[in-house]
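Nothing in this text is a laboratory measurement; each read-out follows from the coordinates by a stated rule. Remember, predicted model here, so these are calculated numbers, not experimental data. Reconstructed Cβ throughout: ideal geometry from the backbone, glycine too, with neighbour counts over all protein chains shown.
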Amino acid sequence: MLWLNKEKRKNKIKGIIFDLDGVLVKSHLDFNLISKEIFNSSEKKPVLEGIDNIKDPKEKARAWEILEKYERKAALSCNLTRGIIELFKFLEQRKIKRSIVTRNSKKSIYTILNRFKLRFDGIISREDAPPKPAKKPVILACKQMELLPKEVILLGDYEFDMISGRKAGVITALLKSDNQSFSKNADVIVDSISEFTKLVSEIS
């Protein structure tokens, strides 16, 4: 565990915002493959923003169909990240609220929640607000939990998560992955869900 902003560790945490893919669940969403099928290009670029820039209505509809096809498959085949069940039991004991903020669709979210029988106090999908790295989805999640941003910590595995959380004023925790091991926008960096559980126990 590495604290980059030691002042933030003084805040008492009452709620957690989770990213979905890569944090709550391990899925097989290959965004490079998705991007290649949608845009017919190997150029790496954010999929949602790329689809939004498509002018032709038929092409845009086709792009959404491709993305949702991959998301549906991932939602049906993903697994819970190691340590999540133990973390949720701990949150129940401490009465700490929890929310999801994801760039994924609401349909995919509920497919996953129903599969694993998970409950959340707030859910923000791309249908509800401009997607991360915008701050609005994080602000909405705080409102759904009826908490102030300073009472909330966001756990994500990607730079968009950290930027969104930083803009919204919550504590930002980066879950290290093969794709990202550091972020200047993270207040704290953790190696695993179990390490994050330990972190929450110290600041809640």
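As an exercise, find the ratio Rg/Rh for segment 31-77 from alpha-carbon atoms, using the Kirkwood inverse-distance average for Rh.
Rounded to two decimals, Rg over Rh is 0.96.
How many Lys pairs in segment 31-77 lie less than 15 angstrom apart by Cα atoms, where the lysines are 8 or more positions apart or on different chains?
For segment 31-77, the number of qualifying lysine pairs is 5.
Tell me, how many Å apart are the Cα centres for segment 131-163 and for segment 20-47?
For segment 131-163 versus segment 20-47, the Cα centre distance is 22 Å.
From Cα pairs below 8 angstrom and at least 6 apart in sequence, can you work out the relative contact order of segment 103-204, rounded to a whole percent?
18 percent
Would you mind listing how long the chain runs along its three principal axes, going by Cα atoms, in whole Å with the largest first?
Projected onto the principal axes, the Cα atoms of the chain cover 50, 34, 31 Å.
If you put +1 on each Lys and Arg Cβ and -1 on each Asp and Glu Cβ, how big is the dipole of the chain around its Cα centre, in Debye rounded to 20?
Dipole of the chain, to the nearest 20 debye: 560 debye.
Per DSSP H run of at least 4 residues, take -39500 (n - 2.57); add these up for the chain, divide by its residues and hand me the 222 nm value, nearest 500 deg cm²/dmol.
Calculated at 222 nm, the ellipticity per residue is -13500 deg cm²/dmol.
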